[in-house]
Structure formats: structure tokens, C-alpha cells
Amino acid sequence: MLKIRDARYAGTIQSGLEALPEIAVAGRSNVGKSSLINALLNRKNLVQTSKQPGKTRNINYFRVDLIEAPPFYLVDMPGYGYAKVARSMQDEWRKLARRYFTDNQNLKLILLLVDIRRDIKEEERMVLDLARANQAKAALVATKADKVGASERARLLKALEAAGGLKPLASSAEKRWGLEDIWNMILDAIRIS
Ligand code: GTP
Ligand code: MG
């Protein structure tokens, strides 16, 4: 089992942070970004989760110190695509994402979260394209896998793979599914750096 020495909020993108490898967690509003970070770090409320979509507005950095690997940041991206959020906010998100994903030498891996019951849309393609353009690795994580039965889950994962061109990893923050595989991807990404 992986040993976490410490995990804490380090600040926002504007706060002049120490340069460390970054693992970004991106995805639609309410997809489960903050919940997944809490689950990965074994903390109930390190990151605020909410039933009110659109709550995370900033790019928030969480510094993770491990026992047997170098420190890194888990980066909680603001959610996008929430219908009730004003158009100007959506443009704001695009600008923020483009700025963050472009020319970021520290960015080692983008965990792109998609609700297992939903499809890949324009914004997901934008994230995948930005990742490709900037030589950042991207992985597709299908969240809330506990919400569907096993055969439906298999069918939905295949459909997501066909749409996204990447094999998605099923996860559930609630049931703690997929966390070990996600940790292995993170460790690979920060070790290669
Ligand atoms: P924003 O910050 O608004 O973009 O949302 P987010 O992507 O950070 O989502 P958040 O983690 O706040 O989760 C949104 C809602 O989904 C909360 O009510 C969570 O409890 C729920 N949720 C998150 N992950 C899971 C999961 O794996 N299974 C189930 N059943 N519910 C989940
Ligand atoms: Mg959040």
C-alpha cells in the first residue's frame, strides 16, 4: 500500500508555487474531480465537494508528499459545461484551460474524468487535443462506475473508448474502485519526469 506522508492545500495557480510535477484532474462540472482527489488521498474533506455544480472556480493545487516517491501536485481544475453557468463563464473556462495546458513543463499527466453514463463532448475533445499538442499524457477516467450494473458498465466503457480513442479506467470514489490503477499511472508519470 502506498504511503502518503502529507497532503495539503498549496494554493491557486496565481500564488507563486514551488515548481513540482503536476497531475491535473479535469472534467465536466459535477463529474467527481474533487471526490476522486479526496479518495486518492484518503481524506474525507481535503477538497470541497458539492451537490451544487460549478463550485470549484479556480485551479487549486494540492501538494502530496509520499514516503517513497518525489512530491507532486494534484491539481483540481474548475468544472466546465454546467448548463446554468453563464456563457461568459464557459469562455472563461476555455481561456483558463488553454493557458494551463499550454507550455506547462511541469504537467506530467492529465486525468480527464467523464461520468460513465455520459458521452465525450466538445470540451473533452479540447482537453485531449491540448494534451496532444503539448505532449502531455492524458488518461480517461470513467467516474461514478458504481451507478451502473456490471454489464452496463462494460458496454459504456467500450462506447467511451470508441469515442475518446483512449481506454477508460472505471472508478468510483464512493466504492474506492480504480484508485490503485490511477495511483500507478500517477507514479509512472512523476517518476519519468
Ligand atoms: P465541480 O467542482 O463542481 O466541478 O464538481 P466535481 O467534479 O469536483 O464533483 P464533486 O467531487 O464535487 O462531486 C459531485 C457529486 O457527485 C457529489 O455529490 C459527489 O458525492 C458525487 N460523486 C462523486 N464521485 C462519485 C462516485 O464515484 N460515485 C457516486 N455515486 N457519486 C459520486
Ligand atoms: Mg470540485
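The values are calculated or read from the model by the stated rules, or taken from the named source; none is laboratory data. Note that the structure is a prediction, hence the values are computed from the model and not measured. Note that each Cβ is placed from the backbone with ideal geometry, even for glycine, and that neighbours are counted across all protein chains shown.
For region 128-162, the set of residues classified as within 15 Å of ligand 1 (Cβ to nearest atom), in a helix (DSSP H, G or I) and crowded, with 20+ Cβ neighbours inside 10 Å consists of Ala145, Leu156, listed by residue number.
Applying the condition of being near ligand 1 (Cβ under 8 Å from one of its atoms) and touching a helix residue (DSSP H, G or I) at 6+ places or on another chain (Cβ under 7 Å) to region 48-68 and asking which residue is modelled with the lowest pLDDT yields Thr56. On the stretch given as region 24-41, residues that are within 11 Å of ligand 2 (Cβ to nearest atom), more than 9 Å from the chain's Cα centre (by Cα) and part of a helix (DSSP H, G or I) total 2. Among residues of region 2-23 that are in a loop (DSSP other than H, G, I, E, B), those with a beta-carbon under 6 Å from a residue that is hydroxyl-bearing (Ser, Thr, Tyr) at least six positions away or on a different chain give the pairs Leu17/Tyr61; Leu20/Tyr73; Pro21/Ser193. Close contacts from region 137-161, counting a first residue that is farther than 16 Å from Trp177 by Cβ and a second that is part of a loop (DSSP other than H, G, I, E, B) and not acidic (Asp, Glu), with Cβ to Cβ under 8 Å and a gap of 6+ residues or different chains, come to Ala138/Leu166; Glu161/Lys167; Glu161/Pro168.
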